[in-house]
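Below is one structure, written out as structure tokens; the observations come after it.
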Amino acid sequence: MVEYSSQNSGMEFINAFTHSGKPVKDLSRIKRLLAALGDPQNSLKFVHIAGTNGKGSIAEMFDRIFIGAGLKTGCFTSPFIIRYNDRIRVDGKDIPDSDLSRIAEKVRTVVDESPDRMDLSQFEITQAIAFLYFAQQKCDIVVLETGLGGLLDCTNIITTPLLTVIATIDLDHTAILGDTVAQIAAQKAGIIKPSVPCVLSANNPKDAVQVVTQTCDKNHSPLVIPDIESVLVDRLDCFGADFVYKGNAYTLSMGGAHQITNALSVIEGCKLLKGTLGLTDECISRGIEKAVLPARVEILCRSPLTILDGAHNPDGLGALAQVLDGCEMHCFAVIGMCKDKNIDSAVQKLIPYVDTFYTVDGFSDRALDRTDLAQKILSLGGKAQPCGLPIDTQIKALQKAHPNDITLICGSLYLAAQIKNKKS
């Protein structure tokens, strides 16, 4: 029995449910919950985003562009970094605690009468709260990021998005989504809707492109893949980039070549939405420049250079490795990873660019033991040692010992969240 008091806050209600709930085979459970709440999602317009890596950055760019265009903009992302409320935003502002509790109480009343109350997940509960909040706020557009996969993700309950976007596809959550790129791509492509245009990020594996193309063909959905060959890069470093794409100049405030790839998907997506949402070239470029996400090659300090990154799979850490490759400095990394990740393949991407890894744990109940992580890195040819200091103490020690080098904190969004919460 799910236990909570009607006097509890919104977060206490949400936390009464497990992260994943009972495994799903279809979307009937979220459909019943939202129907009991009046189907608030049916009054909203969406840009729906899936992908293994990049979807958070893409969501942030769309969010900034739409806000800049004067649209009342809802944004739903996961996971949270600083506090749970930052998953649900309107015009860039987190849902207030008072609204979260008020709407959670309405959802609680429905859940109490639901035959699914024992099976529901935190994600489904949060999704219902978000849809109700966006509808009550009368959002003009909602940027909706999937949680896991796409086909069976509860965000996929929406039926008529204005646009679907699929970011970079790679191996992650293989126990749930499949152990090949094609299988995972099929799950991501599940968000594609009949006759709704889809943008697929450039530089995706051939198997992923084939699956998405076939899915679009079946749904008569126009497919756009940005032309990466049309990009002229003027500046690219850990602080951002300046580039020209199809005659228009753009500036990014997030570092790494992968952010150019993400920006191209947003640019092409906005072209498709220009007439519908009244977007201009100026608000597109301005929104892309304003977009900044915590824990995505985030510069915590410029001197000594300290970078925080939450990438946790091979593709994500590969993108981080590209950033480090462009820095003519030594790098010392504080790293922690979760047991369910493809740790060997992910860490191998970083080893050539990191002088020494200091392994940590304790930031999540799924964190790999720091001694085991150090042994893995050593077995792969890297230099590593378990960290015996508190994480923030270790970071300060590296900054002091290597003032002219890079101090990197990486390996998990949970680790990044812990660092951000201590600084906030």
query = Sorted by mean Cβ packing within 10 Å, highest first, what order do the peptides 230-243, 78-91 take?
reply = 78-91, 230-243
key: Karplus-derived 3J(HN,Hα), 6.51/-1.76/1.60, for each residue of the range 376-385, Hz, glycine and proline x   = 4, 5, 4, 5, 8, x, x, 9, 8, 8
query = Near the amide H of Val199, under 5 Å away, which other amide H atoms are found, from residues 5 or more places off or on another chain, if H is placed in the peptide plane?
reply = Thr164, Val165, Ile166, Val224
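Return the tail of the calculated pair distribution for the range 116-206, meaning the percent of Cα-Cα pairs more than 24 Å apart. If you can, show how the numbers build up before the last one.
On the way: 1136 of 4095 pairs.
When every Cα pair of the range 116-206 is considered, 28 percent fall beyond 24 Å.
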key: Among Gly381, Ile335, Leu350 the positive-end extreme of the charge dipole of the range 335-381 (Cβ point charges)   = Leu350
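So how strong a dipole does the chain carry about its Cα centre when Lys and Arg Cβ are +1 and Asp and Glu Cβ are -1, to the nearest 20 debye?
Numbers: 42 positive and 48 negative charges, 105 e Å.
Value, rounded to 20: 500 debye.
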message = Test of understanding: express the Cα radius of gyration of the chain as a ratio to 2.2 N^0.38 Å, with N the residue count.
response = 0.97
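How much accessible area per residue does the range 343-424 have, counting only protein heavy atoms and a probe of 1.4 Å, in square angstrom? Display every interim value, and only then the final one.
On the way: 3940 Å² over 82 residues.
About 48 Å² of surface per residue is accessible.
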Convex hull of Cα atoms in the range 351-424, direction-averaged projection (nm²) = 5.2 nm²
message = Can you show me the helix-derived [θ] at 222 nm for the chain, built from DSSP H runs with n ≥ 4 at -39,500 (n - 2.57) apiece and divided by the number of residues, rounded to the nearest 500.
response = -12000 deg cm²/dmol
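Find, among the trypsin sites (Lys or Arg not before Pro) in the range 377-424, those assigned to loop by DSSP (not H, G, I, E, B) with at most 16 other beta-carbon atoms within 10 angstrom.
Values: sites: Lys383, Lys396, Lys400, Lys420, Lys422, Lys423; in loops: Lys383.
Here the sparse-neighbourhood loop sites are Lys383.
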task = Sorted from largest down, give the three principal axis spans of the alpha carbons of the range 8-68, whole angstrom values.
result = 35, 31, 26
request  = Among the trypsin sites (Lys or Arg not before Pro) in the range 296-361, which ones are in a DSSP loop with at most 15 other Cβ atoms within 10 Å of the Cβ? Mind listing them?
outcome  = Lys339
ask   = Rg to Rh ratio, the range 211-332, alpha-carbon atoms and Kirkwood radius?
value = 1.02
query = Of the heavy-atom accessible surface of the chain (probe 1.4 angstrom), what whole percent is carbon and sulfur?
reply = 49 percent
Under 12 Å from Lys206, Cα to Cα: aspartates and glutamates that are on another chain or at least 8 residues apart = Asp170
message = Just want the answer: with Cβ charges of +1 for Lys and Arg and -1 for Asp and Glu, which residue in Phe46, Ala263, His19 is farthest toward the dipole's positive end in the chain?
response = Phe46
key: Semi-axis lengths, Å, the range 1-155, gyration tensor of Cα atoms, sqrt of 5 times eigenvalues   = 24, 17, 14
query = Too long at a 20 Å Cα-Cα cut-off: which of Lys45/Lys72; Lys45/Lys218; Lys93/Lys193?
reply = Lys45/Lys218; Lys93/Lys193
inquiry  = Starting from a Cα-only point model with no solvent, please compute log10 I(q)/I(0) by Debye for the range 105-149 at q = 0.14, 0.19, 0.23 1/Å.
reply    = -0.40, -0.69, -0.89
inquiry  = What is the distance in Å between the Cα centroid of the range 84-150 and that of the range 284-332?
reply    = 30 Å
task = Starting at the first residue of the range 300-315, write each ³J(HN,Hα) from the Karplus equation 6.51 cos²θ - 1.76 cosθ + 1.60 with θ = phi - 60°, in whole Hz, x for Gly and Pro.
result = 7, 7, 8, 9, x, 5, 10, 10, 10, 9, x, 4, 9, 9, x, 5
ask   = Where a Cα-Cα gap under 16 Å defines reach, which lysines qualify for Lys376, not counting those fewer than 8 residues away within the same chain?
value = Lys339, Lys341, Lys349
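The values are calculated or read from the model by the stated rules, or taken from the named source; none is laboratory data. Keep in mind it's a predicted model, so treat the numbers as computed, not measured. Don't worry about glycine lacking a Cβ; one is built from the backbone with ideal geometry, like all the others, and counts go over all protein chains shown. In case anyone asks, the SASA skips ligands and DNA or RNA and just uses the protein heavy atoms, side chains included. Shrake-Rupley method; radii C 1.70, N 1.55, O 1.52, S 1.80 Å.
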